[in-house]
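The values are calculated or read from the model by the stated rules, or taken from the named source; none is laboratory data. Small disclaimer: the values here were computed from a predicted structure and weren't measured. Positions of Cβ are backbone-derived with ideal geometry, glycine not excepted, and every protein chain shown enters the neighbour counts. When the accessible area is computed, the model is the full protein with side chains, heavy atoms only, and any ligands, DNA or RNA have been set aside. Shrake-Rupley method; radii C 1.70, N 1.55, O 1.52, S 1.80 Å.
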Amino acid sequence: MAAAAAGPGPGSGPGDSLERPEAEAPERRRKAHGMLKLYYGLSEGEAAGRPVGPDPLDPTDLNGAHFDPEVYLDKLRRECPLAQLMDSETDMVRQIRALDSDMQTLVYENYNKFISATDTIRKMKNDFRKMEDEMDRLATNMAVITEFSARISATLQDRHERITKLAGVHALLRKLQFLFELPSRLTKCVELGAYGQAVRYQGRARAVLQQYQHLPSFRAIQDDCQVITARLAQQLRQRFREGGSGAPEQAECVELLLALGEPAEELCEEFLAHARGRLEEELRSLEAELGPSPPAPDVLEFTDHGGSGFVGGLCQVAAAYQELFAAQGPAGAEKLAAFARELGSRYFALVEWRLAQEQGGGDNSLLVRALDRFHRRLRAPGALLAAAGLAEAATEIVERVARERLGHHLQGLQAAFLGCLTDVRQALAAPRMAGKEGPGLAELLANVASSILSHIKASLASVHLFTAKEVSFSNKPYFRGEFCSQGVREGLIVGFIRSMCQTAQSFCDSPGEKGGATPPALLLLLSRLCLDYETATISYILTLTDEQFLVQDQSPVTPVSTLCAEARETARRLLTHYVKVQGLVISQMLRKSVETRDWLSTLEPRNVRAVMKRVVEDTTAIDVQVGLLYEEGVRKAQSSDSSKRTFSVYSSSRQQGRYAPSYTPSAPMDTNLLSNIQKLFSERIDVFSPVEFNKVSVLTGIIKISLKTLLECVRLRTFGRFGLQQVQVDCHFLQLYLWRFVADEELVHLLLDEVVASAALRCPDPVPMEPSVVEVICERG
Amino acid sequence: MPAELEPGGHESPEDAASPAHALELLCHLDHAARGSTACVVWEPAGAGGRVISLADNHVLLWDLQESGSRAALASSASLEGKGQLKFTTGRWSPHHNCTQVATANDTAVRGWDTRTMSQIYCIENAHGQLVRDLDFNPNKQYYLASCGDDCRVKFWDTRNVSEPVKMLEEHSHWVWSVRYNHSHDQLVLTGSSDSRVVLSNMVSISSEPFGQLADDDDLSDQEERRPEEKSQEPPQDSVITTYEEHEDSVYAVDWSSADPWLFASLSYDGRLVINRVPRALKYHILL
């Protein structure tokens, strides 16, 4: 304990020998490391800091830079029990040994490397010394070479100058010779007609002659040349003016004249004037083709002629002009553009006139081919003369024609639709063959639908030619976008469907409401047609259109649902109108029958009145008619034997009270109460309510209208006893036959009861007939 | 109308058994020879000494004597021609010094001058079916309302009868009666056999100026008023209320002659319903 306590002092106690290496080894090692690191540029701090734990300044840390053995031992001795001290001592001894052996191996391992490194450095030093000597030698050699080269060029200088002078003299002599020969050469060229050659010679000599004209000899030559050149120019002009030769030859003439220094302005005017003459000739021949009478050559031929004659000519002129007068700059180009614009517009006017004559015709393919050629031919001058805007104008014409075609097709479709309607009218109006039904409504409907569809398809196919790939203008933005979406889809298809709906709706609004000029069957058929359009056809047609014309335009288009809604609305209106018209027909019959009869003095009823039978017949006929086109629809479930029901109601109401007029003081409340109670349990009847798309609903609507009319008419009349009984019989008869047509037979019962009750109220002597008698009469009738 | 009541006079004697005042028969309009009477109308203003009666296809103008004890046939006219010529209803115009009468037969409406008993105008096919009732606008002398079996109410300018000025289609069955409010003629009442009474606000063809027109005089306010004006600019014709109290066909509607905001309707089942114009609308019109 004491030893351990006194241990800290160096060189004291048994712990010392152990302590020293323990404390020294890391110290030494750290020092060695530190030096190496210093050498290799690593800072001591970071090398030391690396292995240290949390606090590098902790003096008790064995591996720390500030390790203080005293403090450490002190701490150990103070804090640790003996056993732990012993342990730490052995541990430390073990560590020291391990470190010693590590160090030894490190030294052994690295010894060889140090040796070889030292050798290498020594060898390098020797080599560099050798290389330095060689470099010095090279420098001296180069200096010698430079000196030699300078000496050689100085020697040759003199001779070189002489040679150059001689060459200059030679060239001058050649030129002089050419000048002296020039007049004769020129004359020869002119005589031979080799104008090009002559112009070239003249061009070469001109500048020199100009320069030396103060020397008499040169002056003579120049004068000669000028005379000859003037003659040459005159001859060229003559050739140019004759004009008979083609455009290329003329172009050549102009080129030569230009080279002779003739004024370009004037030449350019003259050139254009000549070109104009030729092109006008072409235009005149085209105009002659148009003629006042129907044109003999078809439109394809016409555009071909125009294309090869006029447009070709214009191309040549433009190309030649641009080549010749390129030096003229923007003013010249402007002149040409104006020229092309003027002639082009005249050509376009002719073409448009011709195309307008084609509008009425039905054949799109020929027209499209003609337009294609027209457009294609104009692309060349369009490229040459961008400023004249010929290609744009051509595209515009094509677009205009396409739009007109669309309008034409729309009109065609509308006409076809109206034609279909006329056919249907005729078929409906045609007298039925005895014993043989005419074409059924369903068949007519199918005919109309298919014929309209085929017309639409034909129009689509024919319009589609405009966007065919091989047609030159089909990739113009108009034809890719607006034509497809706005033109074909919106203008043609949607426009047609809309106009169809409008046409159909116009039948509803016809002012002649009394029966109307429109046969009811037509209304029914149109209604079904519109309904079919709503359910299937519209979406089919639009899908077809969208597929055929891959619509890329982003502009908004009418959605299918809107069109469908319109068609449905039309169908509904038509059907409602049909119900009104048919209801009116039956109403008129009933009203006449009530109004024209003297109900006060009728005889006792023996029969159902003929008009009631007629009503039932007509209703049956309507039922059959509607049944051809519309589905049955749902009716309210009822007890099976409906015809018997009336009977009980009649008898029960009869038992409750007499049919007393309300103003009779004896029983003022009875009937009022009765009818009010009845009404409490029945819903209000909306007479002209909208109908649904089925047979039962249609029939219900018609019967409602008819019976309501009967009711109102009965209320305006006064009945005798037998009059009332006749009404009773009639109503029972209607009861027997009408219930089967309606959705809710309760409705018929209610209205008919109301009729009888109203008649009873309007009767001063209300004695109803025995129900059994009523039944017998009805069954007999 | 029951035929036997007609020759009796303006009030049927059988009904006169009310306790308050016994009605006494003053005179007969004697026209047995001319068929049954469809309609009798008093001169709406003036001395009240004249009566028009419509019998079959005759228009008869009667002059009642001072005492009212005798009626003399002053003049008459009759329709000749093909088709349905029986008059169904008639109406005496309160304008032009009471010299005009409008009558309806079948689908046509005709105007008559009582001084010459000649036809002034004729609206052929005024309605698709029978014309049921007529009424003159009490404040605009050329405006006439008609209704009929085509479920429509039409407003006519009798100076130009080729087209109706306005058309209402609110009912689902025959319209039996149409009445202008006596003082606020934008309020139009119609009764129909679909057992509904409809009160409409026909602002666009009324005699009253549009709301803000009255205010246009004070120019100083105009700038401030502008945004507000725009919002209330177009007065819309609209249905104010549909009254559905009746269980059966409504055959007659009329305004109270005492209170301009009160009206009554009578239906087949004997129910008389008295209603008021909605308060909000009343204030809107008044203020």
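Observations on the model:
- For the chain pair A and B, the buried solvent-accessible surface (1.4 Å probe, both sides summed) amounts to about 2200 Å².
- Computing FRET efficiency as 1/(1 + (r/R0)^6) for A:ARG77 and A:LEU57, where r is the C-beta to C-beta distance and R0 is 30 Å, gives about 0.85.
- Those residues of the stretch A:485-502 whose amide nitrogen sits under 16 Å from the label point placed on A:ALA565, 7 Å along Cα→Cβ: A:498
- Among residues other than A:LYS123 with Cβ under 14 Å from its Cβ, the summed charge is +2 (Lys and Arg +1, Asp and Glu -1).
- Per-pair calculated FRET efficiency, R0 = 35 Å: A:LEU418 and B:GLN141 via Cβ, rounded to 0.05: 0.15
- Remark: spin-label model distance A:LEU99-A:THR543 equals 9.1 nm, labels positioned 7 Å along the Cα→Cβ axis.
- Placed amide H near B:ALA74: partners under 5 Å, 5+ positions off or other chain: B:LEU61, B:TRP62, B:ASP63
- Per residue, the accessible area of the stretch B:103-143 comes to 34 Å², computed with a 1.4 Å probe over protein heavy atoms only.
- Exceedance of the 20 Å cut-off in Cα-Cα distance is limited, within the set A:LYS708/B:LYS86; A:LYS708/B:LYS82; A:LYS592/A:LYS708; A:LYS613/A:LYS704; A:LYS704/B:LYS82, to A:LYS708/B:LYS86; A:LYS708/B:LYS82; A:LYS704/B:LYS82.
- Test item: B:244-253 mean partner chain Cβ contacts at 10 Å: 3
- Reported to the nearest whole Å, the Cα centre-to-centre distance from the stretch B:102-119 to the stretch A:80-153 is 137.
- Placing a pseudo-label 7 Å from each Cα along the Cα-to-Cβ vector at A:ALA536 and A:VAL767 gives an inter-label distance of 6.4 nm.
- Taking 0.36 nm per residue of separation and subtracting the current Cα-Cα distance, fully stretching the chain between A:LEU366 and A:GLU289 would add 25.9 nm.
- Protection-proxy order for peptides B:37-45, A:369-377, B:49-57, A:96-104, each taking the mean of Cβ atoms within 10 Å per residue, highest first: A:369-377, B:49-57, B:37-45, A:96-104
- A simple packing score, the average count of other Cβ atoms within 10 Å per residue, orders the peptides A:306-319, A:118-131 as A:306-319, A:118-131, with the highest score first.
- Spacing of the two label points (7 Å from each Cα toward its C-beta) at B:VAL273 and A:GLU404, in nm: 6.4
- Per-residue 3J(HN,Hα) values for the stretch B:91-108, derived from phi via the Karplus relation 6.51 cos²θ - 1.76 cosθ + 1.60 with θ = phi - 60°, read 8, 9, 6, x, 9, 6, 6, 6, 10, 10, 10, 10, 10, 10, 9, 6, 9, 10 Hz in sequence order (x marks Gly and Pro).
- Residues B:LEU286 and B:LEU262, FRET efficiency given R0 of 25 Å [Cβ-Cβ distance, rounded to 0.05]: 0.95
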